[in-house]
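Undergrad: Starting off with a structure, shown below.
The values are calculated or read from the model by the stated rules, or taken from the named source; none is laboratory data. Predicted, not measured: the structure shown is a model, and the values here were computed from it. Because the Cβ atoms are built from the backbone with ideal geometry, glycine has one as well, and the counts that use them run over all protein chains shown.
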Amino acid sequence: MASEITRVESADWRTTRRFYLKFLEGLADTQIGPLYIGVWGILALVFFAVTVFVILFGYLEQVGFNPILFVREFPVLSVEPPPPSYGLKLAPLAEGGYWQIATFFLTLSIVFWLIRIWSRAIANRIRPNVAIVFTSAIFLYAAIYIIHPISMGAWNEAPGHGLRAQLVWANAFSIKYGNFYYNPFHMVSIFGLLGSCLLLAMHGATILAVVRLNAHREIDEAESSTEGTHRAQLLWRWVMGFNATATSIHTWAIAIAVVSMVAGALGVIFSGTLEPDWFQWACRAGIVPGVIQPGTTSVAACLR
Amino acid sequence: MLSFEAKYRREAMEVPSVPLLGLGLLKFWVGRFYVGFWGLVALLFGLIGAGIWFWRVVLLDATRTGNPLINFVRGQIEVPSPDVGLSLTTDPSKGLWWLVVMFCATVTFIAWMMRQVDISRMLKMGYQVPIAFGVAVSAWVTIQIVRPILLGHWSEGFPLGVMAHLDWLSVFGYRFFNFYYNPFHALGIALLFGSGLVLSLHGATILSAAGKKKEGVTEHNINVFYWDFLGYSIGEIGIHRLAFWTALMCVLLSNLCLVLSGTLVQDWSAFWNFWNKLPFWSGF
């Protein structure tokens, strides 16, 4: 394994002072290096620590500060948003105040994390593409935790902070707005998500198949492609009549991942505001499968 | 043809064939496409299967919508009725067409995988692409063939239609109480979201440094960026290994979560009953 690995030789102090583990050679040519903290890193980490502390304190209060119950109930413990009666107002701690504090600090820490990624890219003289793509993930987070609750007028619309709470929210949210399988934005989002998995498998497999020709050195290949990339391109051209290049495959990659997140966010934002019931939308669009009622053109399941 | 393609086509002609596996037989190209024995098999069964599907779902207009586009979205070929069991029915009203299309699709998928083996071999590449595609085929085989056989009914498969398979998925989630409580489903979804994360990180990372060689930017800048950002840089081979295994494990765990439902586990909520009975916290 180690023979096919190309280490970047450099006089940079990080390269020589890094923490080097022999057994990781097979997985990585670069190793654990010093983490950059900086002012944005401190802000992000401190606010994230506050979020975790508030959530865990909320859990502990619910189990009466009993450590054994805390572990036993951990998967189902949740810091829930305030009940609908509080609307968008501040709630007492035990009735959703913990959730409001935790979400506030979580949002801040995510924004500082974004700034941190951006500023580190600039400092290393590369473009801030990672930060730009990260904003689409933040858009999905904001749609779920901030935009949708505000547009519906209640923090209660957002998920609780807990392992099971997120699953319960996803389940209930889908049913509340008439089954998300009929939400066209959700369809596009799932298309993007499954497509991400497909493209990831295709790209990973293609590059691993020509590692002996150094096709994994993609920065060089993007500059001027060599034999490994040529063989990889011909594989897909001969299989399906189309091939990307060493640069364009990565554009396809971020495109499909961003489509998945942006469509998902729009699906959440439009639920309850533009469309209260996606099943009824599908009925109006005429796409619900089923048996046609005699004398009408609508499906039996759609008749009210 | 790409500028460098002729050389590789000549090289491909010299790779010996393996007639027993159909590799390297009928070695010719039509335009950009390589044909080969498996290409013809895939084309033949693909056309039969897709043709039957379009005829039954779009053209026949069984629900009299008069609109082919609506038929495409909401039409379906229904699964065989439960009383058919695992027999190969010839009754069109009891699922003959589902069996025919399902058979054609399975042959097409496997032929497509063999086609990738053929092409990988001619290009002197590893077999990672057909292996990854084979894992995707395994999901189809698990849902449409293995699980129905384990449960004794073809009706356990999913209907062949755009909206119909969403309905099937929605109902399937609640048939075993609730799929959100299925731990293998949870792992599969985590890896599916993980696929989106790894894909967008990798794509953005390469694009952030591509074409900046004149400015002295190399992969070393990316390594330093990741040491700064996460304290760890996985490296150029490593990211592709991570990509390969994230995507493949996502599908393999999904296979497991489906094949366990209805066979060994009937209720994924009750599955967790062992948790509170663990000896560590008896008495609490």
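Undergrad: Name the pairs: first residue in the stretch A:178-197 and more than 9 Å from chain B (Cβ to nearest Cβ), second residue in a loop (DSSP other than H, G, I, E, B), Cβ to Cβ under 9 Å, at least 6 apart or on different chains?
TA: From the stretch A:178-197, the pairs are A:Gly178/A:Pro276; A:Gly178/A:Asp277; A:Asn183/A:Tyr177; A:Ser189/A:Asn183.
Undergrad: Would you confirm whether any residue within the stretch B:271-282 is over 19 Å from A:Thr251 (Cα atoms) and in contact (Cβ under 8 Å) with a residue 24 or more places away in the chain?
TA: So far as the stretch B:271-282 goes, yes, one or more of its residues are over 19 Å from A:Thr251 (Cα atoms) and in contact (Cβ under 8 Å) with a residue 24 or more places away in the chain.
Undergrad: Only one of B:Ser233, B:Ser261, B:Ser269, B:Ser200 is surrounded by 22 or more Cβ atoms within 10 Å (Cβ to Cβ), among the polar types (S, T, N, Q) and under 30 Å from B:His153 (Cβ atoms); which?
TA: B:Ser261
Undergrad: Right, something else. Scan the stretch B:68-87 and give yes if some residue there is of a type in the set (Ser, Thr, Tyr), surrounded by 13 or more Cβ atoms within 10 Å (Cβ to Cβ), over 27 Å from the mean Cα position of the chain (by Cα) and part of a loop (DSSP other than H, G, I, E, B), otherwise no.
TA: Within the stretch B:68-87, not a single residue is of a type in the set (Ser, Thr, Tyr), surrounded by 13 or more Cβ atoms within 10 Å (Cβ to Cβ), over 27 Å from the mean Cα position of the chain (by Cα) and part of a loop (DSSP other than H, G, I, E, B).
Undergrad: Being in contact with an Asp or Glu (Cβ under 8 Å, 6 or more places away or on another chain) and touching a residue at least 12 places away in the same chain (Cβ under 8 Å) is the filter here; which residues of the stretch A:99-131 pass it?
TA: A:Trp99, A:Arg120
Undergrad: Of the numbered conditions (1) closer than 27 Å to B:Ser269 by Cα; (2) within 14 Å of chain A (Cβ to nearest Cβ); (3) without any contact (Cβ under 8 Å) to a residue 40 or more places away in the chain, B:Val141 fails exactly one; give the number of that condition.
TA: Condition not satisfied by B:Val141: (2).
Undergrad: Criterion first (outside any helix (DSSP H, G or I), out of contact with any Pro (no Cβ under 9 Å at 6 or more places or on another chain) and either free of Cβ contacts under 8 Å to residues at least 40 places away in the same chain or under 28 Å from A:Ile150 (Cα atoms) (or both)) does A:His250 satisfy it?
TA: So A:His250 fails the test.
Undergrad: I've got another one for you. Might you let me know whether the stretch A:88-96 holds any residue that is in the same structural domain as A:Phe112 (by TED's automatic domain parsing), crowded, with 16+ Cβ neighbours inside 10 Å and either outside any helix (DSSP H, G or I) or modelled with pLDDT of 95 or more (or both)?
TA: Step one: of the stretch A:88-96, the residues in the same structural domain as A:Phe112 (by TED's automatic domain parsing) are A:88-96.
Keeping just the survivors that are crowded, with 16+ Cβ neighbours inside 10 Å gives A:91, A:96.
When the remaining residues are screened for being either outside any helix (DSSP H, G or I) or modelled with pLDDT of 95 or more (or both), the result is A:91, A:96.
The answer is yes, given that some residue of the stretch A:88-96 is in the same structural domain as A:Phe112 (by TED's automatic domain parsing), crowded, with 16+ Cβ neighbours inside 10 Å and either outside any helix (DSSP H, G or I) or modelled with pLDDT of 95 or more (or both).
Undergrad: Please go through the stretch A:79-90 and give me each residue that is in contact (Cβ under 8 Å) with a residue 12 or more places away in the chain and more than 30 Å from A:Ile37 (Cβ to Cβ), ordered by number. Even if it seems obvious, please write down each step before you answer.
TA: Going residue by residue through the stretch A:79-90, those that are in contact (Cβ under 8 Å) with a residue 12 or more places away in the chain are A:79-84, A:86-88.
Those that are in contact (Cβ under 8 Å) with a residue 12 or more places away in the chain and more than 30 Å from A:Ile37 (Cβ to Cβ): A:Glu80, A:Pro81, A:Pro82, A:Pro83, A:Pro84, A:Tyr86, A:Gly87, A:Leu88.
Undergrad: Hey, A:Phe139 hits all of (1) in contact with a helix residue (DSSP H, G or I) (Cβ under 6 Å, 6 or more places away or on another chain); (2) at the interface with chain B (Cβ under 10 Å from one of its Cβ atoms); (3) in a helix (DSSP H, G or I); (4) within 28 Å of A:Trp40 (Cα to Cα) but one; which does it fall short on?
TA: It fails just one condition, (2).
Undergrad: Further, regarding this structure: Could you tell me which residue of the stretch A:249-270 is farthest from the other protein chains (Cβ to nearest Cβ), considering only residues that are of a type outside the set (A, V, I, L, M) and closer than 19 Å to B:Gly196 by Cβ? Break it down stepwise before answering.
TA: Within the stretch A:249-270, the subset of a type outside the set (A, V, I, L, M) is A:250-252, A:260, A:264, A:267, A:270.
Keeping just the survivors that are closer than 19 Å to B:Gly196 by Cβ gives A:250-252, A:260, A:264, A:267.
Working: A:His250: 4, A:Thr251: 7, A:Trp252: 8, A:Ser260: 6, A:Gly264: 10, A:Gly267: 14 Å.
Step by step, filter the stretch A:249-270, then rank; the result is A:Gly267.
Undergrad: Now a separate question. Quick one: would you say B:Thr90 is within 12 Å of chain A (Cβ to nearest Cβ), over 30 Å from A:Val211 (Cα atoms) and of a type in the set (Ser, Thr, Tyr)?
TA: For B:Thr90, the condition - within 12 Å of chain A (Cβ to nearest Cβ), over 30 Å from A:Val211 (Cα atoms) and of a type in the set (Ser, Thr, Tyr) - is not met.
Undergrad: Looking only at residues in the stretch A:116-135 that are more than 8 Å from chain B (Cβ to nearest Cβ) and not hydrophobic (A, V, I, L, M, F, W, C), which one is surrounded by the most Cβ atoms within 10 Å (Cβ to Cβ)?
TA: The selected residue is A:Ser119.
Undergrad: I would also like to ask the following. Suppose the filter is in the same structural domain as A:Glu275 (by TED's automatic domain parsing) and surrounded by fewer than 18 Cβ atoms within 10 Å (Cβ to Cβ); does A:Glu218 pass it?
TA: No.
Undergrad: For the condition in contact with a Gly (Cβ under 8 Å, 6 or more places away or on another chain) and more than 26 Å from B:Ser195 (Cβ to Cβ), what is the one hit in A:Ala154, A:Ala94?
TA: Unique residue meeting the criteria: A:Ala154.
Undergrad: In addition: Considering each residue of the stretch B:36-64, count those that are in a loop (DSSP other than H, G, I, E, B) and either crowded, with 17+ Cβ neighbours inside 10 Å or touching a strand residue (DSSP E or B) at 6+ places or on another chain (Cβ under 8 Å) (or both), and give that number.
TA: From the stretch B:36-64, those in a loop (DSSP other than H, G, I, E, B) are B:60-64; that's our starting set.
Next cut, either crowded, with 17+ Cβ neighbours inside 10 Å or touching a strand residue (DSSP E or B) at 6+ places or on another chain (Cβ under 8 Å) (or both) only: B:63-64.
Total satisfying the criteria: 2.
Undergrad: Tell me which residues, restricted to the stretch B:215-248, are more than 26 Å from the chain's Cα centre (by Cα), within 7 Å of chain A (Cβ to nearest Cβ), in a helix (DSSP H, G or I) and within 17 Å of A:Val130 (Cβ to Cβ).
TA: B:Glu219, B:His220, B:Asn221, B:Ile222, B:Asn223, B:Val224, B:Phe225, B:Trp227, B:Asp228, B:Phe229
Undergrad: Can you tell me which residues in the stretch A:203-225 are free of Cβ contacts under 8 Å to residues at least 12 places away in the same chain, in a helix (DSSP H, G or I) and more than 7 Å from chain B (Cβ to nearest Cβ)?
TA: The one that is free of Cβ contacts under 8 Å to residues at least 12 places away in the same chain, in a helix (DSSP H, G or I) and more than 7 Å from chain B (Cβ to nearest Cβ): A:Asp220.
Undergrad: Tell me, which residue of the stretch B:164-214 that is of a type outside the set (D, E, K, R) and in a loop (DSSP other than H, G, I, E, B) is farthest from the other protein chains (Cβ to nearest Cβ)?
TA: Filtering the stretch B:164-214 down to residues of a type outside the set (D, E, K, R) leaves B:164-166, B:168-174, B:176-211.
The next check asks that each one be in a loop (DSSP other than H, G, I, E, B); those that pass are B:176-178, B:182, B:210-211.
On the way: B:Phe176: 14, B:Phe177: 11, B:Asn178: 7, B:Asn182: 10, B:Ala210: 4, B:Gly211: 6 Å.
Of everything passing the filter in the stretch B:164-214, B:Phe176 is farthest from the other protein chains (Cβ to nearest Cβ).
Undergrad: Follow-up question, since we're still on this one. Scanning for something closer than 24 Å to A:Tyr181 by Cα and within 29 Å of the chain's Cα centre (by Cα), does the stretch B:46-54 turn up at least one residue?
TA: Among the residues of the stretch B:46-54, at least one is closer than 24 Å to A:Tyr181 by Cα and within 29 Å of the chain's Cα centre (by Cα), which makes the answer yes.
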